[in-house]
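A.B. asks: Please see the structure below; I have some questions.
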Amino acid sequence: MGLYSPHLEAYQPNMRRTSSFLLILFSIVLTVGCVRTNFDVTGKPAAAWPTITPTRIAVIATRPSDGPRATSSPPIPSPGGHPNTLPRLVPTITLAPLVIHEAPLQFWTNPNDINGLLYDGQYLWAATRGGVVRWQTGSGESRVFTLNDGLMSLATQGLAQDGEGHIWVGYVDHPAWSEYDGEKWISYEPREKAVASKYRAMLTAMNLDPRLWSKREGGEQIWLPTFDGRVAAYDGNTWSIYGQQESVTQNVWMVCVTVGGRVWAVGERISTAKEGDKRWKSYSLPGEAPEDSETTDLAVDGQGRAWLTFTSHHPQSVGVGCLDPETNRWTAYTHALNPAIPRQIYDVEIAQDGTIWLCGDEGVAFCRPGTSWEHLSWGISVQALARDEQEHLWVGSAHGIWFAAANGKDLRGPWLVPASIPSNEVSSLARDSQGTLWIGSPRGLSYATTSGATGIALDKHVLCLASRTGGEVWVGASDGLYKAQDHGSLQRVLAQPVTRMAFDAYGTLWICTPDGQIGPLSDSGWRPKARLAESALPVHDMLILADGSVWLGTANGLGMLSPEGSFAWADPEERFLKEDTRALALGPDGTLWIGTTNGLARRSPTGGLVRLTSTGTKGGLRSPEIRDLYMASDGTLWIATSRGISLRTPETDWFYFDLPGVKAIYPESPEVLWAGTQGGLYRLRRELFIAAS
């Protein structure tokens, strides 16, 4: 991603950026070894190539984390094969063992899923959702920086280099920024503290990332997105904050400034204003963009136009749209109308000469001023690009680091870091009777046995996992229902997508499909008992009581399906029960626990409702945004929140451990908890948890 500026010759080639953390592509593009492709990419000197940074797509894994170690990948091999051959990259995945030590805290990530690159003149830095990797470009040696080195989270995004040469990184799930001063990482929370402390160094930065901060050449203001989704500006003395009252779009995640002083902010919509203006103007996304489109990147050209890139499941999706603020008109470019445009685009970059570069599936597309779009088909999904002093191209992908000559020829790689899980986003967990841990993610299903052996069982989007008493594990995926077998194998039971599952009092599995069909699975097959109205979708969680009633946590609140199959909302007069309900759990005494995006409550068997707050639990409940609930057999309630994990004992004592980005929890025992996050897999011992007071 880049800001157009004719005054920044050193700035534009090294600009990188990360894209949206909501990638919707489930396919895994992996290989091990060497690949060669030859292209005469531009017909121009390599200096015309900008630095590009798209979004994420991952698939290989990360090492057991005893702390970062220097590792060495084999040197990139010499090219071979026919000069005009473009091999298709075939998935070949080998995971490292998942070794468990009896340490209080362990974590495993995937530092091969690159979402940002920066070359600082000596090292190649890679931002991933599994930490920060520093590569020696000459030898292929790498070092992975993690929590043990001072990072605040493993889910990193955005890389920048300030005027002092220090490296900066931001996070998907944490408000802090961290600075590497050449020896150690220093973290600033909140990020505004970093700007105030390092204002001059940031103002003189040449390698910027609008996911972190932006500034105008010759200007005195640092612009940045705040963690709560607003826009902030700092001039060395005074802060200015812009939000909904100033007509700025909600949930801003990126801000950039043009050489002419126009500020652009991307969130749910796109907003713009001139530096110094109090009021902003907001625009909707292109009308051609499907409803499921995700904005992934932004760049502004020399005419002040905004270029936005998108990903979508829809076959007619908009790849990139250009907004002209003078005419208030969008121009859309799609793969359906122009095959040179990638179907999924993760990043847009605008070079000094006005050439527009798009990073996406299969490679890179570019368009010089006054010419048509052209495509460089590399056979990999490009997520980041950087150049060294010899103008060599370093490519970040979902599967490690690749290398190409200055003119785009001889694509070779990848360099990889040993890894034990295939995806950083762990969204569901379960454990079977053999002690095998099953790990679900949008990229697929992997497993780890008690001996440490690992493997990948499925390469489809895993939507949910369920384990029956006795250890039987079921898998709900985008392409059907599976039953886990021995040695990491799966038996496919249904060919219909399954979004949620639950067992009733008799051990019968009930399933829910994306379109709201709910019913039990029997030996004779699956027969839906009811179909929910659209207002009750999507279903986030499902729980079946002994009387046969099915409780449903939905985006519009808590609902109940009677044993006869009729649906009703729970207590329509209770406002809390209309909140987006994400998780349900049933206590041994029949109490129903309800977790929403705005709080936690318990509902007694007689219908009485009690809400719990952070203040009322003395800080034990870390956040009102509940992600997951798990009720242990002894009555201990485990709670995943946006800030960390909370624990409520049967004696009503509260404990907590702060861990950002938690999505799923699964107790192995009363003393050990597995947690899936946006930044990998964690294993925590109960001794880590702090008593609330």
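The values are calculated or read from the model by the stated rules, or taken from the named source; none is laboratory data. None of the values given here were measured: they were computed from a predicted structure. All Cβ positions, even for glycine, are placed from backbone atoms using ideal geometry, and neighbour counts span all protein chains on display.
A.B. asks: Mind checking which pairs have a first residue in region 240-251 that is farther than 20 Å from I222 by Cβ and a second that is in a strand (DSSP E or B) and of a type in the set (D, E, K, R), Cβ under 9 Å, 6 or more apart or different chains?
C.D. replies: These pairs meet every condition: S247/K281.
A.B. asks: Further question on the same structure: Looking at the structure I just gave you, is D347 without any contact (Cβ under 8 Å) to a residue 40 or more places away in the chain, acidic (D, E) and out of contact with any helix residue (DSSP H, G or I) (no Cβ under 7 Å at 6 or more places or on another chain)?
C.D. replies: Criteria not met by D347.
A.B. asks: Would you check which residues across region 186-202 are touching a strand residue (DSSP E or B) at 6+ places or on another chain (Cβ under 6 Å) and surrounded by fewer than 18 Cβ atoms within 10 Å (Cβ to Cβ) and list them?
C.D. replies: Result: I186, single match.
This table checks each residue for (1) modelled with pLDDT under 95; (2) in a loop (DSSP other than H, G, I, E, B).
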| position | (1), (2) |
| --- | --- |
| H540 | no, no |
| W551 | no, no |
| L558 | no, no |
| E564 | yes, yes |
| F576 | yes, no |
| L584 | no, no |
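A.B. asks: Which of the residues that make up region 645-666 are without any contact (Cβ under 8 Å) to a residue 40 or more places away in the chain, buried (at least 19 other Cβ atoms within 10 Å of the Cβ) and either closer than 24 Å to S441 by Cβ or of a type outside the set (A, V, I, L, M, F, W, C) (or both)?
C.D. replies: Within region 645-666, S646, R648, Y656, F657, L659, V662 qualify.
A.B. asks: Looking at region 531-579, which of its residues are among the acidic types (D, E) and without any contact (Cβ under 8 Å) to a residue 40 or more places away in the chain?
C.D. replies: Within region 531-579, E534, D547, E564, D571, E573, E574, E579 meet the criteria.
A.B. asks: Condition first: charged (D, E, K, R), under 17 Å from A692 (Cβ atoms) and out of contact with any Leu (no Cβ under 7 Å at 6 or more places or on another chain). Now tell me which residues in region 612-669 satisfy that.
C.D. replies: Kept after step one, since they are charged (D, E, K, R), are these residues of region 612-669: 618, 622, 625, 627-628, 634, 643, 648, 651, 653, 658, 663, 668.
Of the ones still in play, those that are also under 17 Å from A692 (Cβ atoms) are 618, 622, 643, 648, 651, 653, 658.
Within region 612-669, K618, R622, R643, E651, D653, D658 meet the criteria.
A.B. asks: Considering only residues that are of a type in the set (A, V, I, L, M) and under 15 Å from R387 (Cβ atoms), which ones fall in region 115-127?
C.D. replies: Passing the criteria: L117, L118, L124, A126.
A.B. asks: Residue pairs, Cβ under 6 Å, 6 or more apart or interchain, first in region 459-476 and farther than 21 Å from M631 by Cβ, second not in a strand (DSSP E or B). List them.
C.D. replies: D459/I28; K460/S478; K460/D479; H461/F26; H461/P442; H461/S478; L463/T499
A.B. asks: Would you mind stating whether A306 is closer than 17 Å to R329 by Cβ and modelled with pLDDT under 85?
C.D. replies: On the way: closer than 17 Å to R329 by Cβ: yes; modelled with pLDDT under 85: no.
Spelling it out, it is not the case that A306 is closer than 17 Å to R329 by Cβ and modelled with pLDDT under 85.
A.B. asks: Counting only residues that are in a loop (DSSP other than H, G, I, E, B) and small (G, A, S), which one in region 347-398 is nearest to L416 (Cα to Cα)?
C.D. replies: A398
A.B. asks: List the strands (runs of 3 or more DSSP E) inside region 225-310, counting only whole elements, that have at least 3 residues being closer than 20 Å to E349 by Cβ and of a type in the set (K, R). Walk me through it before giving the result.
C.D. replies: Values: elements: 231-234, 239-242, 254-257, 262-266, 270-274, 281-283, 294-300.
In region 225-310, no matching strands (runs of 3 or more DSSP E) lie anywhere.
A.B. asks: Which residues, taken from region 228-256, are surrounded by fewer than 17 Cβ atoms within 10 Å (Cβ to Cβ) and under 26 Å from N115 (Cα atoms)?
C.D. replies: Those that are surrounded by fewer than 17 Cβ atoms within 10 Å (Cβ to Cβ) and under 26 Å from N115 (Cα atoms): D228, Q250, N251.
A.B. asks: Return the residues of region 399-412 that are part of a strand (DSSP E or B) and surrounded by fewer than 24 Cβ atoms within 10 Å (Cβ to Cβ); say none if nothing qualifies.
C.D. replies: Across region 399-412, the qualifying residues are W402, F403, R412.
A.B. asks: Something else: For region 106-127: of the residues being out of contact with any strand residue (DSSP E or B) (no Cβ under 6 Å at 6 or more places or on another chain) and in contact (Cβ under 8 Å) with a residue 60 or more places away in the chain, which is surrounded by the most Cβ atoms within 10 Å (Cβ to Cβ)?
C.D. replies: The selected residue is N110.
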